[in-house]
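Structure, as structure tokens:
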Amino acid sequence: MDVKICQKIPQHGSCRKTMNPNLVLSLICKDEVQELDNCLMSITPYVRTVFAVWTGTNLKTENVLKKYKVIYKKDHSAIFEVDSSMVKWLKEFFGWTPESKEGDKIFLFDKARNIALDMIPKIHKYVIWMDADDVLRGGAKLTQVLKRMDDTGANSMFMNYLYDVELEGSKIKNILIQHLRERIILNNGQYKWIAPIHETLIPQSGDVRQLDTKDCDVIHMSTRDKKEGAIKRNIRALEKSIYDVQGKDPRPIYYLAKAYFDLHTPENHVKSEKLIYRYLKSSGWAEERSQAYEYLAEIFRERKEFNRAVKAAHNALIESPKFPSTFLSLGLINLLQGKYEDAMLWTQLATKIPLPQTTLVIQPRDLKARALEIVFNCSVKQNQLDEAWASITKLRDIFPGDQNIQNQHKFIDGLKYQRELTKVYVGLAKVVEASGDKNKLIALAEAAPREIQDNPIVAEFIKRVKPPKVWGEKSIVIFCGAGWTPWSPEFYKKQTTQTFVGGSEEAVILASHELVKQGYEVTVYGDPGKEGDYDGVTYLNHFKFNVNDEFNILIGWRNISLFDRKFKAKKTYLWLHDVPVQLDFKKERLENITKIIVLSKAQRQLIPLVSEDKFFYSSNGFKEEHPEIKSKNISTRAIWTSSYDRGLQHLLDVWGDVKKEVPKAELRVFYGWMLFDKFYANNPERMNWKNKIEAKMKELGVYHGGRLEQGEIEKEYKKAGVWAYPTDFYEINCLSAIKSQAFGSVPVTMNYAALKETVQHGIKVEGNIWDKETKEIYKKGLISVLKEPFDRKKMSKWAKEKYNWKVITSLWLKEFYGT
């Protein structure tokens, strides 16, 4: 599609053979120069004359108007100054401080447009309107468009308004935003511009006969910076519109909701949500109400409130099922919930629905891109490599400058190459294996290309063919197996929303590093994402672990089923990190284990049928990431740092009363929902509980920080005065308790399970936190610690000396080697 405008200024009748004597242009302009010139160049060959209101001061703009013989009027009356009564009313109406401030100047677009419209004598039958940064496309067909209006008696003609386009030279590469707009009207005094922003030509009386055409359209040529800068200007104008009608018209309320949505911050999305609900209660036509529900679905999805997002999207379908965007919204929600087949179904349905002709804003390129993104991510998750490659290639064509898409395309290309290489390698291996030549098999295993060594099939072949490894005297192997997400020291230092490094993973990372510092060779078989040497520790994929190797020290992390077989090893250990089940500790397994590493007496008590000589008592430790930052604990600040289903609701239950007693008290919550969402994404009851917890935190003004990197959470401990943990969870060690004491956050928790051992300072409440009396005792204890001084230095010194990884691993080495 070309954006063609008349390249020569029409003079002495040139280009006038397509001029329409019954059509004139109505225009408002400010200080545009080149944009105005382009606009008038595109339209003047096809209209009798141009009437304009000039609201600016740039003389170059005036020269352009004169150049095209525009009949113009200089007018600055369309300015409104905000007063204190408007600000006060808006604050009471919304419940928040408005964007408009006393003394602000608001340009009233509808007033300026009406002045321009009133300039036009009634001898001119038709009026077409444009903005100074618009250009007309297809102007030569205006003659037949006007003939249709004459023949049908229509008093308005709608055209497509390409509000945002992506250009490649003079061609439109992608239409980003489009919608139908009333473009030509009968000049009989029937129409008037209404609303100071998103203004619309509204007939004031008589019959209305509307047509639309695809023969011509108007392209908005504004820059991205101008569009983004206009949002807050628009908000002030919409506030003025709402004030003028005292909130009785739902349309400007809805437009204001969309403006707040476009600012894309959590605070503004809260405002948008409230305004949308206010609009939906009032009125609205089906298509617009459908779009309003789509906005709600977007807001809820951003917050990961997926059940609410699904309901909002289905409400959009109930209002009007003809928008592909609604189906894509459901596709994206299902993708984020891990329901890949459902996501693909909704996306396929979206592609079958044609874009409707509507006055609502539509974003064709973004719709196409969203569909491709859903297909790409679903295909990757379902190991459909060819489908993933096809979709990411199309996305690359749409966004050629997007480095992230380029990287993803390169990654998928690499996977395709690895797949083909693996096929060839495995085929060759089968041929050599069939020949029975063991020497060639070993040579082939040794020569496996690096690109495919991490393929489980290739790795299994290499393990089977190559002779078992004999590990050295100072070697320690820790087998962790597959993880819920990839994890390694790299993710420990910089956590992402796609990875999870909890206390158990942290223990492997820090203990291994400390053992290497003491001169030992440590290899961890896990799920590192990227294999390699991390601070001297070797991290390999779990499927490369060869059960036939001859080990020195072999540690099985968490999973006792590893010891269903007897290993060739000098010593074998099961490193427990969870709540153990007695039935798992069968005699046959115990015979294959030298000792069980437990993290507390409380953990050991859960497997009473195992003899005492099978246990080696240890603990988790911690590492101070920022020793240069000293603790400056705020006595009235409480912190929560464990999984939310371990008792956060009990803390929230008492927090309102705590605030009454200690008005300056603040609560900061960290951990995030990542693992919870993985476990319970398809459990409506649990997800409903999550929504209630989030709502309660907002209601109480609790700060929710989600998941933080280790260094950042350490800073939070060092600022918090209290570690509040009213739990009924059976802790087997509790790293949060250790860190809180080390960094000066006084524990207020329960005297239960391993907390009896790891917490030696602060307050430990006896009883069941679910009991009303116990909860009351806990609340009083929390209030007392928030109010009263505490010897944090003594507590910190004790924790740092006891839970030091150097001390802990030295005891390990004494157990392993007897030294």
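The values are calculated or read from the model by the stated rules, or taken from the named source; none is laboratory data. Fair warning: this is a prediction, and the values are worked out from it, not measured in the lab. Positions of Cβ are generated from backbone atoms using ideal geometry, with glycine treated the same way; all protein chains shown enter the neighbour counts.
Observations, loosely collected:
- Just so you know, in region 500-510 the residues that are outside any loop (DSSP other than H, G, I, E, B) and touching a Phe, Trp or Tyr at 6+ places or on another chain (Cβ under 6 Å) include one that is surrounded by the fewest Cβ atoms within 10 Å (Cβ to Cβ), and it is LEU510.
- Being of a type outside the set (Gly, Ala, Ser) and in the same structural domain as PRO747 (by TED's automatic domain parsing) is a description that applies to TRP640.
- Pick from region 296-353, criterion closer than 20 Å to SER391 by Cα and part of a loop (DSSP other than H, G, I, E, B), ranking: modelled with the lowest pLDDT: ILE353
- Sole exception among (1) assigned to a loop (DSSP other than H, G, I, E, B); (2) on the phi < 0 side of the Ramachandran plot; (3) modelled with pLDDT under 95 for GLY672, by number: (2)
- Which listed residue is of a type in the set (Asp, Glu), buried (at least 17 other Cβ atoms within 10 Å of the Cβ) and in contact with a Pro (Cβ under 6 Å, 6 or more places away or on another chain), from ASP134, ASP110: ASP110
- Residue among THR538, THR523 that is outside any loop (DSSP other than H, G, I, E, B), outside the structural domain of GLY338 (by TED's automatic domain parsing) and free of Cβ contacts under 8 Å to residues at least 24 places away in the same chain: THR538
- A single entry from ILE412, ILE392, ILE374, ILE405 fulfils the requirement of being touching a His at 6+ places or on another chain (Cβ under 9 Å), buried (at least 19 other Cβ atoms within 10 Å of the Cβ) and over 30 Å from SER156 (Cβ atoms): ILE392.
- Selection count where residues are closer than 16 Å to LYS74 by Cβ, assigned to a loop (DSSP other than H, G, I, E, B) and either modelled with pLDDT under 90 or not assigned by TED's automatic domain parsing to the domain that holds PHE51 (or both), scope region 98-123: 0
- Hey, SER85 among the polar types (S, T, N, Q), in a helix (DSSP H, G or I) and either over 24 Å from ILE202 (Cβ atoms) or under 38 Å from the mean Cα position of the chain (by Cα) (or both) or not: yes
- Output for region 791-819, where each listed residue is crowded, with 18+ Cβ neighbours inside 10 Å and not in a helix (DSSP H, G or I): TYR803
- So PHE51, is it modelled with pLDDT of 95 or more and either in the same structural domain as ASN187 (by TED's automatic domain parsing) or assigned to a loop (DSSP other than H, G, I, E, B) (or both): yes
- The test for being modelled with pLDDT of 90 or more and within 19 Å of GLY139 (Cα to Cα) holds for ILE43.
- Top-ranked residue in region 20-40 [being in a helix (DSSP H, G or I), free of Cβ contacts under 8 Å to residues at least 60 places away in the same chain and over 23 Å from ILE123 (Cβ atoms); ranked as farthest from the chain's Cα centre (by Cα)]: ASP37
- Residues of region 748-790 satisfying the condition of being free of Cβ contacts under 8 Å to residues at least 24 places away in the same chain, part of a helix (DSSP H, G or I) and among the aliphatic types (A, V, I, L, M): ILE777
- Top-ranked residue in region 585-606 [being part of a loop (DSSP other than H, G, I, E, B) and of a type in the set (A, V, I, L, M); ranked as farthest from the chain's Cα centre (by Cα)]: ILE593
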